[in-house]
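One structure is given here, and the rest of the page talks about it.
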Amino acid sequence: MGESRDDRAGLLRQLATMDPHPESVPINLLVQVPGTPLVFSTGYHANLGAVTALGRADILIVSDAHIHASLNDAARLSRAQVAVAGHSDATEVERMLGARSQPRAMIVVESIYSVLGDAAPLKLDEIARRPRTGAHRKPWAVPGQRRHPR
């Protein structure tokens, strides 16, 4: 890039203290890097950055059939195996999670789907928090806990 490390650090400090742009999407609450906020200029880049950062070979990504193309791209670019459930089919998501061999999983849905304007079923949150029986007895997703090792 041509800049020094100090120049980049100064730019990051400047970006962190400026008023947020209405179209920028901060994901530092999702992927925390101590002292450095992550800001993406588009939702596409935020989706790509978040999902690929959290995906890895030992994770199963279960996505809804109607998620945005940027989330599909991100899931494909991550190192995770991807399974696609029918649109808003919580029963199929639960079946896919129960049958997986990976120790961790990520459910990828939209709160409001951009094409149809409908909402993801709230039951998915309940399913994600349910402890799994068998070899891996941890919940599928625990909000506030980072699952990607540094």
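Report, by residue number, each residue of region 65-79 that is under 18 Å from Ala46 (Cβ atoms) and either in a loop (DSSP other than H, G, I, E, B) or more than 13 Å from the chain's Cα centre (by Cα) (or both).
Those that are under 18 Å from Ala46 (Cβ atoms) and either in a loop (DSSP other than H, G, I, E, B) or more than 13 Å from the chain's Cα centre (by Cα) (or both): Ile67, His68, Ala69, Ser78.
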Could you check how many residues of region 82-131 are among the aliphatic types (A, V, I, L, M) and touching a residue at least 40 places away in the same chain (Cβ under 8 Å)? 9
Subset of region 79-95, residues crowded, with 21+ Cβ neighbours inside 10 Å and over 19 Å from Ser114 (Cβ atoms), comes to Ala80, Val93
Within region 116-130, the count of residues that are in contact with a helix residue (DSSP H, G or I) (Cβ under 6 Å, 6 or more places away or on another chain) and surrounded by 15 or more Cβ atoms within 10 Å (Cβ to Cβ) comes to 3
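No lab work stands behind these numbers, since they all come straight from the coordinates. All values derive from a computational prediction rather than experimental measurement. For neighbour counting, all protein chains shown are included, and Cβ atoms are generated from backbone atoms with ideal geometry for every residue, glycine included.
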